[in-house]
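The values are calculated or read from the model by the stated rules, or taken from the named source; none is laboratory data. Because the structure is a prediction, the values reported are computed rather than measured. Neighbour counts run over all protein chains shown; Cβ positions are idealised from the backbone, glycine included. Protein only, heavy atoms only, side chains kept; ligands, DNA and RNA dropped before computing areas. Shrake-Rupley method; radii C 1.70, N 1.55, O 1.52, S 1.80 Å.
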Amino acid sequence: MIVSLSDIRTDRAGFAAIGMLASQLQNRRNEDVQIDCTNLNWMDANMASALGGLISLQSLNGLKFTFINLKQQIATILSKNGFLQNTAIDIHKTTIKYTTFDLSNAILFSEYTEQYLNTPNIPLMTDSVKVKFFEGLDEIFGNCAIHSQSPRGIHACGQIYPHKHSIVFTITDVGIGIPTLVRRQLNRDLSDETCIHLAMQEGFTTRSLDVPGGLGLKIVKQFVEKNGGKLIVVSQNGYWELSSQGLTASPILYPYPGTSVSIEIRTDDTNVYDMDEHIDLQSLF
């Protein structure tokens, strides 16, 4: 079986491309699958998280994957971050390694984010804000581990873009998704993007609604709002994005089988983040 793949950027179209791949694999069992990358001219390295999650999920159906017609530039990127088996040396130290975590690997995930994200590249934060920021990432992992029911763990990957002055980090589970959980607990017929939007509101903590990553997402959301970065949450047919351009929530044509969260941090931000002056994180608890 041959399936096709088009450009994968960290945006609505990129997640739709992975969703389209998922739709091509629907109801297939015990086959060798060749992913034709003829039309894949660009792939954001961090999106290996979402693509890897899908491939891992489909392997449960006995599907075995190989990439064909993969351009050398993309192959090099995916080799540097460990997504492809043929590894390449990351001379410039700009990759955040593609890593799959068992749902019980919270400590390993915390060590991973500290290793790759607690670096001089990220904006200066007071100790209290830094602690809360990394607690937010841990909370995303922890809630996914508890509530997502992901049968293939949690997939993380990222990339440092020195010339763009940004770091992009993506964490993905292939579980039941935010919309399913929100509709189940509210007993309301809501669109997927509306469910994500509701889950992102301050009143919806994990204490009142068991949403994968719920509380941690809000912590990261407040940081991103001040930093001028970007936060993207994709789950099933819902796409939610917060950036300096504002907030958008819309459906995507092809659903993503799970939940994927992408965080973009501006590294040219010279603000020093202080708990009292910038981010009211205590209101989230």
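Pop out the ³J(HN,Hα) list for the range 44-50 in order, Karplus 6.51 cos²θ - 1.76 cosθ + 1.60 with θ = phi - 60°, rounded to Hz; leave Gly and Pro as x.
5, 4, 5, 6, 4, 4, 6
Roughly how big is the chain's charge dipole about its Cα centre, with Cβ charges of +1 (Lys, Arg) and -1 (Asp, Glu), in debye to the nearest 20? Mind dumping the intermediate values first?
Numbers: 22 positive and 29 negative charges, 147 e Å.
The calculation lands at about 700 debye.
For the range 181-187, in order, what is each residue's ³J(HN,Hα) by Karplus, 6.51 cos²θ - 1.76 cosθ + 1.60 with θ = phi - 60°, in whole Hz (x at glycine and Pro)?
5, 5, 5, 5, 7, 8, 6
Considering the Cα positions of the range 1-148, please state its Rg to one decimal place and its Dmax as a whole number of Å.
In order Rg, Dmax, the Cα atoms of the range 1-148 give 17.1, 53 Å.
When the chain is treated as a GNM, springs tying every alpha-carbon pair under 10 Å, which of S244, S150, S235 comes out with the largest mean-square fluctuation?
It is S244.
What number comes out for accessible area per residue over the range 62-169 if the probe is 1.4 Å? Units Å², please.
On the way: 5550 Å² over 108 residues.
The answer is 51 Å² per residue.
Do any trypsin sites (Lys or Arg not before Pro) in the range 80-168 lie in a loop, going by DSSP, with at most 13 other beta-carbon atoms within 10 Å of their beta carbon, and if so which?
Values: sites: K80, K93, K97, K130, K132, R152, K164; in loops: K93, R152, K164.
Loop-located and lightly packed - K93, K164.
Just to make sure I understand: if all protein chains stay in place, what is the order of H92, H155 by accessible area at 1.4 Å, largest first?
Working: H92 140, H155 5 Å².
Largest to smallest exposure gives the sequence H92, H155.
May I ask for the net charge around L242, where only other residues with Cβ less than 9 Å from the Cβ of L242 are counted and Lys, Arg are +1 while Asp, Glu are -1? List each step's numbers first, then the result.
Values: positive: K221, K230; negative: E225, E241.
Residues near L242 contribute 0 overall.
For the chain, just say rounded, prolate or oblate: build the C-alpha gyration tensor, square-root its eigenvalues into a ≥ b ≥ c, call rounded for a/c under 1.5, and beyond that prolate if a/b exceeds b/c, oblate if not. Could you put the intermediate results ahead of the total?
Numbers: a/c = 1.76, a/b = 1.23, b/c = 1.43.
In terms of gyration-tensor shape, oblate.
Picking from H155, I196, Q26, whose Cα lies most toward the positive end of the charge dipole for the chain (charges on Cβ: Lys, Arg +1; Asp, Glu -1)?
Q26
How about the range 1-59: which trypsin sites (Lys or Arg not before Pro) there lie in a loop by DSSP and see at most 16 other Cβ atoms within 10 Å? Intermediate values should be presented prior to the final figure.
Details: sites: R9, R12, R28, R29; in loops: R9, R28, R29.
Those that pass, being in a loop and sparsely packed, are R9, R28, R29.
Tally up the carbon and sulfur contribution to the accessible surface of the chain as a whole percent, 1.4 Å probe, everything protein left in place.
On the way: 6090 of 12590 Å².
Carbon and sulfur atoms account for 48 percent of the accessible area of the chain.
Using amide H atoms built 1.01 Å from N in the peptide plane, name the residues 5+ places from A88, or on other chains, whose amide H lies under 5 Å from its own.
K80, G82
Apply 1/(1 + (r/R0)^6) to the Cβ-Cβ distance of N86 and Q34, taking R0 = 22 Å, and write down the FRET efficiency to the nearest 0.05. Working shown, then result.
Working: r = 17 Å, r/R0 = 0.77.
FRET efficiency, N86 to Q34: 0.80.
For the range 1-85, state which chymotrypsin sites (Phe, Trp or Tyr not before Pro) are in a DSSP loop and have at most 14 other beta carbons lying within 10 Å of their beta carbon.
Values: sites: F15, W42, F65, F67, F83; in loops: W42, F83.
Of the chymotrypsin sites (Phe, Trp or Tyr not before Pro), the ones in loops of the range 1-85 whose Cβ has at most 14 other Cβ atoms within 10 Å are W42.
By a straight-distance test (C-alpha under 24 Å), which lysines pair with K132 as possible cross-link partners, with residues fewer than eight away in the same chain excluded?
Here the lysines satisfying the reach criterion relative to K132 are K97, K218, K221, K226, K230.
What residues have an amide H closer than 5 Å to that of I96, excluding those fewer than 5 places away on the same chain, when H is modeled at 1.01 Å from N in the peptide plane?
G158, Q159, I160
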